[in-house]
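Since the structure comes first, as structure tokens, the remarks are kept for the end.
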Amino acid sequence: MQGFAGFMWLLSIALILFSGFALIDAATRREDAYRAADKKTKPFWLIILGLAFVVNLVFNILSFLPILGLIATIVYMVDVRPALRGLPGGGRNTRRGSSSDGPYGPWNGGR
């Protein structure tokens with residue numbers, strides 16, 4: 001019986017880490033990337049994944065709510081995340097300059 005309890009504890013930790021990774025990944029994506037990928041909005045996914053993370057922390061893995069959180073996390077990871085990563089820049093909050101930027105700022109061609 002103790003082996004089963006240990007296994008369930010490891011499964012619970014894995015579920016918490018999985019939902020936490022999805023929440024952090026969703027938070028680092030740009031808001032407009034969600035609209036460009038024709039997915040729900042960023043606040044929607046942050047709320048859903050945040051609830052999934054909290055439910056996994058609070059409830060036992062054998063109850064019903066962590067299973068719903070797992071389904072929401074899987075939907076994000078297999079549907080939304082690949083669509084966001086397929087966008088130019090990967091949908092990340094990175095600030096890059098123009099392709100004409102030099103080491104000291106934008107190059108305007110001597111104008």
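The values are calculated or read from the model by the stated rules, or taken from the named source; none is laboratory data. Since we're looking at a predicted model, the values are computed, not measured. Heads up, the Cβs are rebuilt from the backbone with ideal geometry, glycines too, and the neighbour counts pull from every protein chain shown. Note: accessible area is taken over every heavy atom of the protein model, side chains too, but ligands, DNA and RNA are not part of it. Shrake-Rupley method; radii C 1.70, N 1.55, O 1.52, S 1.80 Å.
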### Query
Roughly what would the spin-label model give for Ala5 and Phe44, points 7 Å off Cα along C-beta, in nm?
4.3 nm
### Task
Tally up the carbon and sulfur contribution to the accessible surface of the range 20-83 as a whole percent, 1.4 Å probe, everything protein left in place.
75 percent
